[in-house]
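The values are calculated or read from the model by the stated rules, or taken from the named source; none is laboratory data. Fair warning: this is a prediction, and the values are worked out from it, not measured in the lab. With ideal geometry, Cβ positions are generated from the backbone for all residues, glycine too; neighbour counts draw on all protein chains shown. Side chains included, ligands, DNA and RNA excluded: accessible areas come from the protein's heavy atoms. Shrake-Rupley method; radii C 1.70, N 1.55, O 1.52, S 1.80 Å.
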Amino acid sequence: MNDMQLSVSPSLYIKPKKFMWSYIGTFLFMLGGCIENSWLSAWLNTQGFDQAQIGQIFAGYGIMVAVTSWLSGVCVDVFGPKKVMLTGFAVYLIGSVAFLKFALPGHDFTAILVTYMLRGVGYPLVCYAFLVRLTIQLDSHQQGIGTSMFWVVYNLGFTILGPMLAASLIPSLGQVNVIWSGMGVALVGVLFMVFLEKNRFELKPRTTPVLQELSAGISIMYQRPRIGLAVIVKTINGLGTYGFVVVLPLFLQGKQFSLEEWASIWGITFISNQVFNIIFGWLGDKIGFRRTIQIFGSVLTGVATLIVYWVPMMWGHNYLALMLAMCLWGAGLAGFVPMTPLVPMMAPDKKGAANSAVNFGSGLGNFVGPALVSVLAGFGTAAVMYAMAALYLLSGILVHFLTVPGEK
């Protein structure tokens, strides 16, 4: 596949601030479309499902996120971002209605699994389509700050205000009605991104079959092994974000933390994360993407994962201590932000495929995190947390090999 930059003439390079409607739309979609993410596992446990089943539900959701994250990069190049967004929202809507109207009321594990998987199609096709567009239409010197701004609004809705809003609304509305309300907010976000976003996007003429272009996001991982390593690193990046929400709410209940306390800590964690997203996005442009990822992403996050586990084990129900430990972990997680601009730079002649690969890694984290919890749940929370910490530290070794053309 040709360089994705060829799909945009030089005159169409756009500054990040010109994408304001899409940034706002991303925030609204993640706020509403994923409003249940931080507390659904604990609530399903009260509905009679055990941790292994809950892990399977979240892992199934993660499979769909992984597949559609992989598709998003090349689909934008083939069909354009707005068609991809509308398709993602349509499938999300169908899955969500079936999940809320039929699967949950029937307490049917298989139905919940399948419909929640369909719900997982939504945010990768809606929001990652915008992220791919940014990597195409921003100048190289704006990649760090432009993609950092994306992750700020993404996490502001997903992991900060979403959990806090849900915690405040659940007592009056109930869990199911909170999810219904979130769907309305997600709809507004899509409308902003599709109809208020006026920046021009040019599709390049296709010289290869669509299926061949779609497969490029997978084939590039073995054609260029460094891209495959980058996918592994990006997968490890997401382990805690998607695994913690399965394992920690149940673990902390045993330490006398309430669901509301957990939701507020999770939200505060990602306030720290967003501050450091901007710092590490800027730092990546200054000292290099790989160095930033290794020091602040891999090492700091690995150590902080252990601290998050040790704090409640040592001090029990200590809200402030756990909050500070989680904020340290959130800061470390921000060190992985430069992965988004780094991977396309590793394959400048195949940016579409490289974008699909890095998005695939983002989605795999959504699957591997809950799957790791499901597999290790029988060995206890310690096994899960130590395994995650070890993988974060391993990623620091892998990052050493993520070189760009011409770099030793």
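Quick look at the values:
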| item | result |
| --- | --- |
| Segment 337-408: chymotrypsin sites (Phe, Trp or Tyr not before Pro) in DSSP loop, at most 12 other beta carbons within 10 Å | F401 |
| Area of L211 that stays accessible when all protein chains are in place (1.4 Å probe, Å², to 10) | 140 Å² |
| Surface accessible to a 1.4 Å probe, V97 within the full protein complex, Å² | 50 Å² |
| The chain, helix-only ellipticity at 222 nm - DSSP H runs n ≥ 4, -39,500 (n - 2.57), divided by all residues, nearest 500 | -24000 deg cm²/dmol |
| Fully extended contour minus Cα-Cα distance, from H400 to W315, at 0.36 nm per residue | 26.9 nm |
| Acute angle (nearest 10 degrees) that the helix 300-315 long axis makes with the longest principal axis of the chain, alpha-carbon atoms | 10 degrees |
| Options M193, L239, Y92, ranked by Cα towards positive dipole end of the chain, top entry (Cβ charges) | M193 |
| Solvent-accessible area, 1.4 Å probe, carbon plus sulfur percent, for the chain | 69 percent |
| W315, W310, W262, reordered so the largest accessible area comes first (probe 1.4 Å) | W315, W310, W262 |
| Protein-only accessible surface order, largest first, of C327, C127 at 1.4 Å | C327, C127 |
| Most positive-pole-ward Cα, S72, F158, L104, against dipole of segment 51-190 from beta carbon charges | L104 |
| Reported label for calculated volume of the Cα convex hull per residue in Å³ given (i) 197; (ii) 123; (iii) 133 | (ii) |
| Per residue value of the accessible surface for segment 341-408 (all protein chains in place, 1.4 Å probe), Å² | 36 Å² |
| Above-threshold pairs, the threshold being 25 Å between Cα atoms, out of K83/K286; K15/K83; K198/K286 | K83/K286; K198/K286 |
| For segment 103-119, 3J(HN,Hα) per residue [Karplus equation, 6.51 cos²θ - 1.76 cosθ + 1.60, θ = phi - 60°, Hz, x = Gly/Pro] | 5, 5, x, x, 6, 9, 4, 5, 5, 4, 4, 5, 5, 6, 4, 4, 4 |
| Pairwise label distance in nanometres, S181 with L203, each label 7 Å out on the Cα-Cβ vector | 3.9 nm |
